[in-house]
Amino acid sequence: MTTKSIPATLIPGDAIGTEVSEATLEVLDAIGAPFTWETHLAGVAGVKASGDPLPPATIASIKKTRLALKGPLATPVGGGFRSSNVRLREEFHLYANLRPARTLIPGGRYEKIDLVLIRENLEGLYVGFEHYIPIGDDPHAVALASGVNTRAGGRRINEFAFDYALKHGRKKVTLVHKANVLKALTGLFLETGREVAKRYEGRVECDDRIIDACAMQLVMNPWQFDVLVTTNLFGDILSDLNAGLVGGLGMAPAGNIGADAAIFEAVHGSAPDIAGKGIANPLALILSAAMMLDHVGMQDKAKRVREAVDQVLCVDKVRTGDLGGKASTKEFTKAIVARLK
């Protein structure tokens, strides 16, 4: 029986993006993933090609396929253009950012980490409602920002978190907030989370933590947590903290999921300093592609990719330089492909 092909958009990304994307496609080919790719540009590559960090052709392709794999994109700090990542989330209403963190190489600072962070992706302070108030001759004397959380948005992300926990055999969801100080903005998130939790009583446990206490407890005893769900800014920070527990962003896959589209991505930087040297670690994008396989109902293929990665890292001991090894991007990819075949 032949598997029906699945149209998908590929955004290779900037700098090392093209190298890790190429590696990921090799792994997907080796496992017989049935994606038919439309390749499009974004970020700095989009600006160079068409003067737009998110070209209309890229948006049109994702509207058609409703599924994308995206390498790292460069975003200027301070000035320049607005983040293409944020624009994509807004354009396709990708309200849930799914960030698992799992120990891949034993012997690190923490062992047997298996956490999932679910971050609300469209609200909070990241709506970007910001402006300056001039005083005297200083046009930037005062900076003001407004955060926006809605009951509907809070309900939607908490339902996603509890559904995810139930579907994946997770035991507990922790609501992370700052309702002791930001009583309206994150109080509403906590309130909706508790309402949703009541519907899952007896099936999924629920507790909550204030963000600063949660950050400390993640460092001191991360094993007390299972699934964490939180607002946009806190989720951005905690997802990177969790990645740090398992060796950094080079090991961290991510998915942005909405009702009508999903984009899977490597969240690490585009690393222009090592671009073209053939030493980039493609793990984050390969594991994001495994999440993409899960998303389209190919859990068996996703599981095989993860198992091959585990065997290459822990049995074959083939690792890129950032993981203490000597393998090039191509050698590392070849080892995974060999395990799959």
Practice item. Please go through segment 183-233 and pick out each residue that is without any contact (Cβ under 8 Å) to a residue 40 or more places away in the chain, of a type in the set (S, T, N, Q) and either part of a helix (DSSP H, G or I) or touching a helix residue (DSSP H, G or I) at 6+ places or on another chain (Cβ under 7 Å) (or both). Key: Gln217, Gln224
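Looking only at segment 1-14, count how many residues are part of a loop (DSSP other than H, G, I, E, B), in contact (Cβ under 8 Å) with a residue 60 or more places away in the chain and either in contact with a strand residue (DSSP E or B) (Cβ under 7 Å, 6 or more places away or on another chain) or open to solvent by 40 Å² or more (accessible area, probe 1.4 Å) (or both). Please lay out each step first, then the result.
Taking segment 1-14 as the starting set, the residues that turn out to be part of a loop (DSSP other than H, G, I, E, B) are 1-5, 12-14.
Applying the additional criterion that residues be in contact (Cβ under 8 Å) with a residue 60 or more places away in the chain yields 13-14.
Restricting the remaining residues to those that are either in contact with a strand residue (DSSP E or B) (Cβ under 7 Å, 6 or more places away or on another chain) or open to solvent by 40 Å² or more (accessible area, probe 1.4 Å) (or both) gives 13.
So the answer is 1.
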Review point. Do we have any residue at all in segment 194-216 that's crowded, with 19+ Cβ neighbours inside 10 Å and within 24 Å of His93 (Cα to Cα)?
Key: yes
Exercise for review: Could you check segment 28-95 for helices (runs of 4 or more DSSP H) lying wholly inside it with 1 or more residues that are more than 30 Å from Gly154 (Cβ to Cβ)?
Suggested key: 43-50, 56-65
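Have a look at Lys172, Lys167 and point out the one that is charged (D, E, K, R), free of Cβ contacts under 8 Å to residues at least 60 places away in the same chain, closer than 30 Å to Lys303 by Cα and open to solvent by less than 40 Å² (accessible area, probe 1.4 Å). Steps first, please.
Working: Lys167 fails: open to solvent by less than 40 Å² (accessible area, probe 1.4 Å).
Of the residues listed, the single one that is charged (D, E, K, R), free of Cβ contacts under 8 Å to residues at least 60 places away in the same chain, closer than 30 Å to Lys303 by Cα and open to solvent by less than 40 Å² (accessible area, probe 1.4 Å) is Lys172.
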Check your understanding: Can Ile135 be described as open to solvent by 80 Å² or more (accessible area, probe 1.4 Å) and either without any contact (Cβ under 8 Å) to a residue 12 or more places away in the chain or closer than 22 Å to Thr320 by Cα (or both)?
Key -> yes
Exercise for review: May I ask you to list the residues in segment 184-193 that are surrounded by fewer than 19 Cβ atoms within 10 Å (Cβ to Cβ) and over 18 Å from Tyr126 (Cα atoms)?
Suggested key: Glu191
Exercise for review: Only residues that are of a type outside the set (D, E, K, R), open to solvent by less than 60 Å² (accessible area, probe 1.4 Å) and touching a helix residue (DSSP H, G or I) at 6+ places or on another chain (Cβ under 9 Å): list them for segment 53-70, please.
Suggested key: Pro53, Leu54, Pro55, Ala57, Thr58, Ile59, Ile62, Leu67, Ala68, Leu69
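Those residues that are closer than 13 Å to Pro100 by Cβ and either open to solvent by 50 Å² or more (accessible area, probe 1.4 Å) or in a helix (DSSP H, G or I) (or both), I need them from segment 239-248; list them, please.
Narrowing segment 239-248 to residues closer than 13 Å to Pro100 by Cβ: 239, 242-243, 245-246.
Passing the criteria: Ser239, Asn242, Ala243, Leu245.
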Revision key, fill the gap. Of Asp240, Asp260, the only residue that is among the acidic types (Asp, Glu) and modelled with pLDDT under 95 is Asp260
Point to revise | Residue check, Lys70 of a type in the set (Lys, Arg), closer than 26 Å to Leu233 by Cα and modelled with pLDDT of 95 or more | key: yes
Practice item. Could you figure out which of (1) within 29 Å of Lys330 (Cβ to Cβ); (2) surrounded by fewer than 22 Cβ atoms within 10 Å (Cβ to Cβ); (3) in contact with a Leu (Cβ under 8 Å, 6 or more places away or on another chain) isn't true of Arg109? Key: (1)
Study note, to complete from the structure: Of the candidates Leu115, Leu41, the one satisfying the condition of being of a type outside the set (S, T, N, Q), surrounded by 20 or more Cβ atoms within 10 Å (Cβ to Cβ) and under 18 Å from the mean Cα position of the chain (by Cα) is Leu115
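The values are calculated or read from the model by the stated rules, or taken from the named source; none is laboratory data. Computed from a predicted model, the values in this text were never measured in an experiment. Here Cβ is always computed from backbone atoms with ideal geometry, including for glycine, and neighbour counts include all displayed protein chains. When the accessible area is computed, the model is the full protein with side chains, heavy atoms only, and any ligands, DNA or RNA have been set aside. Shrake-Rupley method; radii C 1.70, N 1.55, O 1.52, S 1.80 Å.
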